[in-house]
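Everything below concerns the one structure shown next.
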Amino acid sequence: MSESDNKSTLADSFGRKVTYLRVSVTDRCDLRCTYCMSEDMTFLPRNEVLSLEEIERLCQVFVGMGVRKIRLTGGEPLVRRNVMELFDGLGTMLGNGLDELTLTTNGTLLSRHARDLVSAGVRRVNVSLDTLDAGRYRGITRFGSIHNVLAGVDAALTAGLKVKLNAVASRGAFESEVDDLIRFAHGQGMDLTLIEEMPLGFGLARTETHLPLSKLRADLEGRWKLIPVPDSTGGPARYVRVAETGGRLGFITPMSCNFCSACNRVRLDCTGRLFTCMGQEGSVDLRTVLRGEDSAKNTTLLENTIHGAIERKPEGHGFSIGRNHVSGIDRTMSVLGG
Ligand code: SAM
Ligand code: SF4
């Protein structure tokens, strides 16, 4: 493959352009959300996890190949030691190929880092928050304190970050609490996106908690006036405007409405495995190439490996959840990053 081919736009065999890279910088987390992790997690040995320098190098290669947006995630990205050095390094690529650098966080450490994130060039953050009830929050996260997240959201807004809240929808209390989340988010100018729970990690029960967003949306339409708005984010969320609040509400429905045909993203896990689809098993190992002896040739080798993987990007995920069955992937969201 020639050098000019390597610089061309990344596209898969279905003609989908890949411009968005999500990078899990750690599999570790300071919470244990019930839908994401088991209580007694065993985390990866540190030597299997890419160094911050290795992550930055891989990101540079992807940006050289046409990636325009990078989101750091995890695990919890802000628990990774010295992660702000990575943000600073990636921030230098903004305007030099990279259009946006962002993160998804549980928000617990956001009050400590919000201003530094802005200095690094971050303009928007996604904060995960499934309830405003302190007891329910503790239950979902197993031991988290909601006050840390609320302080983090405050700090982010004060620092000038645009904040979007993400909430995983589940059957039960969530169905009534979602109204409070809407008022809270929209009252402070934040979008709220509702995410359908995905069957990642087989040890985690699903059929009990799964709430199709089609049902939740129908319920919401009985209480709120939802006005569809054209998609402007290029992401999988479909947005409506809530007439009563003026704010935007998004629905990410991987289970009940397949969004794969417009997928523009690939994911890198914290060990350097590249996944071209979150809902399929296939991946390629970039760490071995990256750590190979002949470092001068590595960039071309990396580019060729990435091109090959993206050409084989699957058409769609294989998830399904029925009344009595779950078909998913035995890998939790925390390994690969949501
Ligand atoms: N720790 C950070 C956080 O919670 O935002 C980043 C990583 S977390 C894996 C990213 C997103 O994935 C969060 O919004 C979380 O709620 C969501 N998530 C985790 N497990 C999920 C599942 N099984 N189905 C749907 N979303 C899930
Ligand atoms: Fe941690 Fe995020 Fe998973 Fe919750 S969803 S356990 S905060 S990685």
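The values are calculated or read from the model by the stated rules, or taken from the named source; none is laboratory data. Keep in mind that what you see is a predicted model, and the values were worked out from it rather than measured. Virtual Cβ from ideal backbone geometry, glycine too; neighbours counted across all protein chains shown. Accessible surface is based on the protein model in full, side chains and every heavy atom, while ligands, DNA and RNA are left aside. Shrake-Rupley method; radii C 1.70, N 1.55, O 1.52, S 1.80 Å.
Side notes on the structure shown:
- Under a model in which nothing but the beta-carbon of Lys, Arg (+1) and Asp, Glu (-1) is charged, segment 100-199 shows a dipole of about 360 debye around its Cα centre.
- Gain on full extension, evaluated as 0.36 nm per residue between R115 and T288 minus their Cα-Cα distance, stands at 58.7 nm.
- Full extension of the chain between N47 and D99 gives 15.6 nm of extra length, using 0.36 nm per residue less the Cα-Cα distance.
- Protein heavy-atom surface of segment 115-182, 1.4 angstrom probe: 48% of the accessible area is carbon and sulfur, with nucleic acids and ligands not counted.
- Taking the C-alpha atoms of segment 1-112, convex hull volume expressed per residue in Å³: 142 Å³
- With R₀ set to 25 Å, the beta-carbon distance separating D179 from V229 gives a calculated FRET efficiency near 0.80.
- Reach of K313 by Cα under 23 Å, taken over lysines that are not fewer than 8 positions away in the same chain: K7, K17, K69
- Phi-based couplings in Hz for segment 155-162 (Karplus 6.51, -1.76, 1.60; Gly and Pro marked x): 4, 5, 5, 5, 6, x, 7, 7
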